[in-house]
Amino acid sequence: MSKIELCLWYDDCAEEAADFYVSTFRECGQDAEINGITHDTEVGPHPSGTVLTVEFSLAGQGFIALNGGPHFTLTPALSLTVTCKDQAEVDRFWEKLSAGGKEEQCGWLTDKFGLSWQVVPTIIRDVMKDPDKQKVSRVMAALLQMKKLDIAILENAYAR
């Protein structure tokens, strides 16, 4: 496990969110598991015995989901990126993570718990580093027209 884990603050749905993320990643062929659950005591923000934190991992990255109460909410200022090897993987992650949430522009979505995700094919990183500014501009123009990213359209824009 990494020394760094991302803590996600939820009002009171940390366990439901962690279960959703773990099942989504497993259904998309990635390692994912719940690693531990802690419960509130009589001095915590919720009734004694309710879930306080859920430790889980997605594709080797550790997370903590915290039932911290309504004081803070998730924001798109922080998003998680899922890098996908092909269109089938983009499609699977997009379908699962966007269910009940909101599809955004350029491969971004907000899931039903309010967490922002970017579902991005590996080709994007390579293409965007190309020294040919015209190729990069064409790909960017195509990308800006999409919600879920379509690799074939991006490759076409790059090759023109």
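The set of residues in segment 65-97 being free of Cβ contacts under 8 Å to residues at least 60 places away in the same chain and among the β-branched types (Val, Ile, Thr) consists of THR75, THR81, VAL82, THR83.
Scanning segment 7-27 for residues that are in contact (Cβ under 8 Å) with a residue 60 or more places away in the chain and within 13 Å of the chain's Cα centre (by Cα) gives LEU8, ALA17, PHE20, THR24.
Suppose the filter is more than 21 Å from CYS28 (Cα to Cα) and touching a residue at least 24 places away in the same chain (Cβ under 8 Å); does GLY62 pass it? No: the conditions fail for GLY62. Checking each residue in segment 103-147 for being part of a loop (DSSP other than H, G, I, E, B), within 17 Å of ARG92 (Cα to Cα) and either free of Cβ contacts under 8 Å to residues at least 24 places away in the same chain or in contact with a Ser or Thr (Cβ under 8 Å, 6 or more places away or on another chain) (or both) picks out GLU104, ASP111. The residue pairs whose first member lies in segment 40-51 and is over 14 Å from ALA14 (Cβ atoms), whose second member is surrounded by fewer than 11 Cβ atoms within 10 Å (Cβ to Cβ) and of a type outside the set (S, T, N, Q), and whose beta carbons are closer than 6 Å, counting only pairs six or more residues apart or on different chains, are SER48/GLU42.
Considering only segment 121-145, state which residues are of a type in the set (A, V, I, L, M, F, W, C) and touching a Cys at 6+ places or on another chain (Cβ under 7 Å).
Step one: list which residues in segment 121-145 are of a type in the set (A, V, I, L, M, F, W, C), which gives 123-124, 127-128, 136, 139-144.
Within segment 121-145, LEU143, LEU144 qualify.
All of the numbers you see were taken from the coordinates with simple rules; none came from a lab. Note that the structure is a prediction, hence the values are computed from the model and not measured. Neighbour counts are summed over all protein chains in view; Cβ atoms, including those assigned to glycine, are modelled from backbone coordinates with ideal geometry.
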